Amino acid sequence: MNLFLDTHVLLWWLDDNSRLSKQAKNYIADVDNIIFVSAVVIWEIRIKEALGKLEIAADFFNIVKQQGFEILSITAQHANKVGDIPMHHRDPFDRMLIAQAIEESLTIVTHDRAFKAYEIPLIEA
């Protein structure tokens, strides 16, 4: 299965946070699954860090890469898809994740209930 981590899921995974469900942990740890992290997730985390809303390790990006996750870049096709999806979710970062998941046929791992309004495969985090 091709899984796509929402921002909080990535942070919970890296922190071994108990808020991440056992099911989600098992899916992420399963070597048969390919785990994708979007450039938009990295971008959102670094913005929150710059605003003082989040503290991360100085070598955060290297830590993410060491996890063996695939980094998914944002393409013009993804950006275009954002305009085609309903406005159930207004957060621009999440809208991009939803567009990428649709375009790349990925299953999103999230705790965000607003994602349920879209016809995309989800795993509850």
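The values are calculated or read from the model by the stated rules, or taken from the named source; none is laboratory data. Bear in mind the structure is a predicted one, so any value in this text is a computation, not a measurement. Positions of Cβ are generated from backbone atoms using ideal geometry, with glycine treated the same way; all protein chains shown enter the neighbour counts.
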Checked THR110, THR75 against criteria (of a type outside the set (A, V, I, L, M, F, W, C), closer than 22 Å to ASN2 by Cβ and either surrounded by 17 or more Cβ atoms within 10 Å (Cβ to Cβ) or touching a residue at least 60 places away in the same chain (Cβ under 8 Å) (or both)); the one match is THR110
A careful count of residues in region 23-53 that are over 13 Å from THR110 (Cα atoms), out of contact with any strand residue (DSSP E or B) (no Cβ under 7 Å at 6 or more places or on another chain) and not small (Gly, Ala, Ser) gives 15
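If I ask for residues that are within 14 Å of VAL9 (Cα to Cα), assigned to a helix (DSSP H, G or I) and of a type in the set (A, V, I, L, M), which ones from region 34-72 would you list? Show your work before the answer.
Pass one, region 34-72, residues within 14 Å of VAL9 (Cα to Cα): 35-38, 40-42, 44-45, 64, 67, 69.
Checking the rest, the ones that are also assigned to a helix (DSSP H, G or I) come to 40-42, 44-45, 64.
Hits for region 34-72 are VAL40, VAL41, ILE42, ILE45, VAL64.
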Among LYS81, LYS53, the single one that is surrounded by 15 or more Cβ atoms within 10 Å (Cβ to Cβ) and at pLDDT 95 or above is LYS81
Over region 74-125, the set of residues in a helix (DSSP H, G or I), more than 30 Å from SER18 (Cβ to Cβ) and under 14 Å from the mean Cα position of the chain (by Cα) is ALA99, ILE102
Filtering region 15-33 for residues that are part of a helix (DSSP H, G or I), surrounded by 12 or more Cβ atoms within 10 Å (Cβ to Cβ) and over 13 Å from the mean Cα position of the chain (by Cα) leaves a count of 3
